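Asks: The structure under discussion is supplied below as structure tokens; questions concerning it will follow.
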Amino acid sequence: MVASMFSLVLFMQLSIFFAASMEVKSKIFGDDNIVYSTSYGDELFYLNGDLVDRVLFCKTIQLHHADHCVFEGYNDATNYCGSDLLSGGRRLLGKPEIGNYRADLNSNQKHIKGYPDWTIILMIAAGVLLTCCICCCCCICWRKRANAHTVITQDSNSSSHMEMNIHFPPETIPTTLLRVQPNPSLLPMSPKLGRTGSVHLTMTEVARATCNFSPELQIGEGGFGTVYKALLGSGQFVAVKRAKKEHLEKLQTEFSSEVELLANIDHRNLVKLLGYVDSGDERLIITEYVPNGTLRDHLDGQRGKILDFNQRLEIAIDVAHGLTYLHLYAGKQIIHRDVKSSNILLTESMRAKVGDFGFAIVGPMDSDQTHISTKLKGTVGYLDPEYMKTYHLTAKSDVYSFGVVLLEILTGRRPVELKRPYPDRVTLKWAFRKYNEGHVIELVDGMMEEVVDAEILMKIFALAFQCAAPTRIDRPQMKSVAEQLWAIRADYLKTSRRR
């Protein structure tokens with residue numbers, strides 16, 4: 001581009017130079033063709049195509065001037081020959097002798113024979129040089145454009161190749177990632193969200209941050225896809241959820257739903273969205289990394305230390321706060337639809353955050369609307385039985401799921417345990433039977449060595465059963481659940497001080 005501009009400026013400047021440096025005037029007087037020109041400051045005189053000197057040129061001008069032929073527009077010639085025209089014109093009223101005229105012409109041609117050839121050669125050389133410069137500049141620009149196109153094509157292919165490799169992650173990053181650095185502008189980036197801590201990543205950066213989606217960095221897996229721990233170049237850890245390729249079309253709705261909903265919510269007990277990638281056959285959701293595993297991991301004893309009763313109570317309160325925010329304070333009601341222990345993440349200080357919004361959906365928008373009709377989605381053991389029968393979804397379906405989670409927190413058991421005797425396989429039914437029989441102490445997780453006051457246990461189990469009532473009309477609102485848990489915690493702290 002610069003070369004093109006330079007050649008254009010050069011051409012314009014040379015054109016102006018030639019135009020300013022060359023002036024040609026011609027006139028036909030009878031049988032004589034008289035031409036006067038200036039070239040680079042030199043005066044050139046031509047008679048009938050032959051180069052002559054000033055003297056012969058002026059004599060011819062005087063001759064035709066005497067015949068009343070005006071040589072107009074030739075200021076330099078008139079200035080030079082003016083005195084001769086005024087004085088000599090009277091003396092030369094008659095025609096000059098032809099012999100003398102031709103003799104003078106021949107002598108002048110001999111005297112200046114080599115001069116016009118040098119001038120013409122110089123002009124031709126300048127024209128050839130100008131043409132060559134223009135052609136060279138055009139060739140250089142054309143080659144640069146061709147090379148640029150080739151580079152873009154190669155980068156595009158190499159990035160495509162890289163993305164194809166990371167669909168089936170090997171143990172290490174392929175050598176093409178290290179050997180050929182793709183052009184970041186050609187790769188899909190995660191749109192930057194307008195919030196503190198958001199990230200803007202390319203597919204190359206995500207692959208590098210996860211060691212090309214190494215199984216060693218896998219920290220979770222669900223219906224949507226696999227979750228990886230990723231270390232960014234800034235030193236920040238994030239979680240990357242990658243959609244499963246075989247269910248990509250089916251998961252498009254879940255992906256869009258999670259991105260749209262997470263982008264508009266911000267609460268201490270909800271996992272924060274930091275960015276996402278949606279390009280080709282890749283769907284990635286980038287969220288904050290919660291380092292201490294899931295609630296289910298801790299209940300299974302996979303994190304070493306067993307949760308005490310106070311920690312379990314605090315976790316239940318955190319989850320209740322997060323769901324209350326979704327149902328009442330998120331601008332529009334949001335129903336999570338997949339509240340379960342494996343979707344509750346714990347920080348190092350044991351604060352709980354609800355994650356995985358793949359099944360989340362906006363609740364009824366009209367105040368007169370009591371529910372929305374939608375396809376059945378969720379996890380077996382946590383699904384609202386009324387929602388399963390009618391496909392009518394309300395916020396009370398989340399309340400049911402929370403009731404099941406609260407039983408998990410208290411008993412340590414999963415919602416369904418098929419290895420147990422048939423009457424004890426469904427935790428909700430088993431716990432309800434034990435509660436009615438007055439054996440509430442037997443419901444508490446055996447790994448928790450702490451002895452909890454029976455009255456406190458009766459209150460919290462009663463709340464769990466109320467949340468998990470078969471019909472939604474018998475379930476409390478999530479805000480009421482959070483308030484009751486606060487009251488239970490206050491009672492628990494009082495009994496703890498008395499001991």
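Bear in mind that the values in this text are calculations on the coordinates, not laboratory data. These numbers come from a predicted model, not from an experiment. Virtual Cβ from ideal backbone geometry, glycine too; neighbours counted across all protein chains shown.
Asks: How would the range 411-472 be classified by its alpha-carbon gyration tensor: rounded, prolate or oblate, with rounded meaning a/c under 1.5 and the a/b versus b/c comparison settling the rest?
Replies: Verdict is oblate for the range 411-472.
Asks: Give, as ranges by residue number, the residues of the range 290-314 whose backbone N falls under 13 Å from the point 7 Å along Cα→Cβ of Leu418.
Replies: Under cut-off, by backbone N: nothing.
Asks: Pairs Lys272/Lys479; Lys244/Lys340; Lys245/Lys419; Lys396/Lys459; Lys305/Lys494: which are spaced more than 29 Å apart, C-alpha to C-alpha?
Replies: Lys245/Lys419
Asks: What order do you get for Lys27, Lys389 when you list them from fewest to most C-beta neighbours inside 10 Å?
Replies: Ascending number of Cβ neighbours within 10 Å: Lys389, Lys27.
Asks: For Thr374 and Val426 in the same chain, what is the full-extension length gain: residue separation times 0.36 nm, less their Cα-Cα distance, in nm?
Replies: Here the segment from Thr374 to Val426 would lengthen by 16.1 nm.
Asks: Can you put Asp318, Asp278 in order of Cβ neighbours within 10 angstrom, beginning with the fewest?
Replies: Ascending Cβ contact count within 10 Å gives the list Asp278, Asp318.
Asks: Exposure proxy check: Ser341, Ser349 ranked by fewest other beta carbons within 10 Å?
Replies: With the sparsest Cβ surroundings first, the list reads Ser349, Ser341.
Asks: Spin-label point model (7 Å from Cα, Cβ direction): what's the Lys244 to Lys305 distance in nm?
Replies: 3.6 nm
Asks: Would you please give the residues with an amide H less than 5 Å from that of Thr374, counting only those at least 5 places away or on a separate chain, with H modeled from the backbone geometry?
Replies: Correct list: Leu393.
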